[in-house]
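Only one structure is covered here, and it is reproduced in the block below.
The values are calculated or read from the model by the stated rules, or taken from the named source; none is laboratory data. The model shown is predicted, which means the values in this text are computed figures rather than measured ones. Cβ sites come from the backbone with ideal geometry, for glycine too, and all protein chains shown count toward neighbours. Heads up: the accessible areas ignore ligands, DNA and RNA and are worked out on the full protein's heavy atoms, side chains in. Shrake-Rupley method; radii C 1.70, N 1.55, O 1.52, S 1.80 Å.
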Amino acid sequence: MVNMQVILRQVDDVIFRRAEPSDLIPVMEINLKTLPEHYSDYFYESLLAEIPEAFIIGEVNGRHVGYVMCKTEYGFSNFKKLGFVKKGHVVSIAVLEEFRKKGIGRTLVEESIKGVKIKKCDEFYLEVRCSNNEAVRLYEKLGFVIKQQLNAYYRDGEDAFLMAIELDK
Ligand code: ACO
Ligand code: ZN
């Protein structure tokens with residue numbers, strides 16, 4: 001079969017590309033290893049169907065090492081008073097521990113920003129554990145700002161920061 005995968009970006013030996021259905025099992029495996037929040041198979045499939053432009057895989061020598069997956073929503077702006085906008089929402093992002101601190105997380109977020117812009121989102125937001133300094137710092141470096149603290153957002157009772165960025169068109 002002809003390989004139709006389109007590489008979005010390559011940084012050293014890391015390839016960044018859009019996910020396809022055969023990537024979902026490896027993505028679920030990374031998610032299980034790295035985060036306490038898990039999702040149904042159907043949910044992964046629905047995110048890929050909805051916005052493949054912002055469902056990005058990081059791959060090293062054919063091995064899946066990271067992913068980001070997103071959805072879109074309409075709702076009140078995190079920036080404008082009384083504004084109703086289209087928002088991209090980072091549902092989940094993770095990089096395997098042994099591949100962290102190489103810029104993979106950053107590139108995944110950068111590529112997902114491009115993806116939600118293709119879908120004409122005005123803003124991009126996410127929730128992150130208040131204790132997750134690594135992730136909060138990464139988002140801040142990319143221009144996200146803390147907009148709210150969500151009380152007991154996680155099942156274990158921890159609060160989340162809601163972080164958001166306005167996207168220029
Ligand atoms: N050499 C040395 N350091 C580097 C290099 C390099 N070549 N490239 C980047 N770095 C540094 C960055 O400057 C940054 O440092 P800083 O935090 O001191 O500013 C740090 O490495 C991390 O940046 P990245 O490498 O871009 O990110 P990484 O690939 O490590 O992934 C992530 C970050 C996704 C948060 C990862 O830690 C992870 O998977 N954590 C577990 C899962 C998780 O918490 N996900 C987020 C939950 S919130 C949500 O999903 C919406
Ligand atoms: Zn969320």
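Does segment 1-43 come out rounded, prolate or oblate by the C-alpha gyration tensor, with a ≥ b ≥ c the root eigenvalues, rounded set by a/c under 1.5 and, if not, prolate when a/b is larger than b/c and oblate if not?
Working: a/c = 3.05, a/b = 1.55, b/c = 1.96.
Since a/c reaches 1.5 but b/c is at least a/b, the shape of segment 1-43 is classed as oblate.
The apolar share of the surface of the chain, taken as the fraction of accessible area on carbon and sulfur atoms (1.4 Å probe, ligands and nucleic acids excluded), comes to 53 percent. Couplings 3J(HN,Hα) for segment 125-141, derived from phi with the Karplus relation 6.51 cos²θ - 1.76 cosθ + 1.60 (θ = phi - 60°), are 9, 7, 10, 9, 4, 4, 7, 8, 4, 3, 5, 4, 5, 4, 5, 4, 5 Hz, where x marks Gly and Pro.
Could you tell me how many degrees, from 0 to 90 and to the nearest 10, lie between the Cα long axis of helix 41-50 and the main elongation axis, the longest principal axis, of the Cα atoms of the chain? So the inclination is approximately 80 degrees.
A protection proxy built from the mean count of other Cβ atoms within 10 Å ranks the segments 85-91, 73-79, most packed first, as 85-91, 73-79. Taking a straight line from the alpha carbon of K33, these lysines sit under 18 Å away, with near neighbours fewer than eight places off in the same chain left out: K101.
The simple Förster model, with R0 at 30 Å and r as the Cβ-Cβ distance, assigns E29 and A152 a FRET efficiency of 0.55.
Normalised by the residues of the chain, what does the relative contact order come to in percent, with Cα pairs under 8 Å and at least six apart? Please list the in-between numbers first.
On the way: 311 pairs, mean separation 29.6, N = 169.
Relative contact order comes out at 18 percent.
Among residues other than D156 with Cβ under 12 Å from its Cβ, the summed charge is -1 (Lys and Arg +1, Asp and Glu -1).
Here, the chain is characterised by an Rg to Rh ratio of 0.95, where Rg is the alpha-carbon radius of gyration and Rh the Kirkwood radius.
Just reorder M28, M163 by solvent-accessible area, largest first, 1.4 Å probe, all chains present.
On the way: M28 30, M163 0 Å².
Accessible-area ranking of M28, M163, largest first: M28, M163.
Would you mind getting the accessible area per residue of the chain, heavy atoms of the protein chains only, 1.4 Å probe, in Å²?
Result: 56 Å² per residue.
The length gained by stretching the chain between S131 and Q5 to full extension, at 0.36 nm per residue less their Cα-Cα distance, is 41.7 nm.
Using heavy atoms of the protein chains and a probe of 1.4 Å, the accessible area assigned to D122 is about 40 Å². Counting only residues at least eight positions apart within a chain, or on another chain, the lysines with an alpha carbon under 24 Å from that of K120 are K71, K80, K81, K86, K87, K141, K147, K169.
Relative to the present Cα-Cα distance, how much length would full extension add between K141 and D41 at 0.36 nm per residue of separation? Walk me through the intermediate numbers first.
On the way: separation 100, 0.36 × 100 = 36.00 nm, distance 3.18 nm.
Residue separation times 0.36 nm, minus the Cα-Cα distance, leaves 32.8 nm.
Summarising the amide proton neighbourhood of Y153: residues at separation of 5 or more, or on other chains, whose placed amide H is nearer than 5 Å comprise D159, A160. Taking trypsin sites (Lys or Arg not before Pro) across segment 16-64, none is in a DSSP loop with at most 10 further Cβ atoms lying within 10 angstrom of its Cβ.
Could you check how many percent of all C-alpha pairs in segment 20-102 are farther apart than 16 Å? Walk me through the numbers on the way to the answer.
Values: 1851 of 3403 pairs.
Tail fraction, whole percent: 54.
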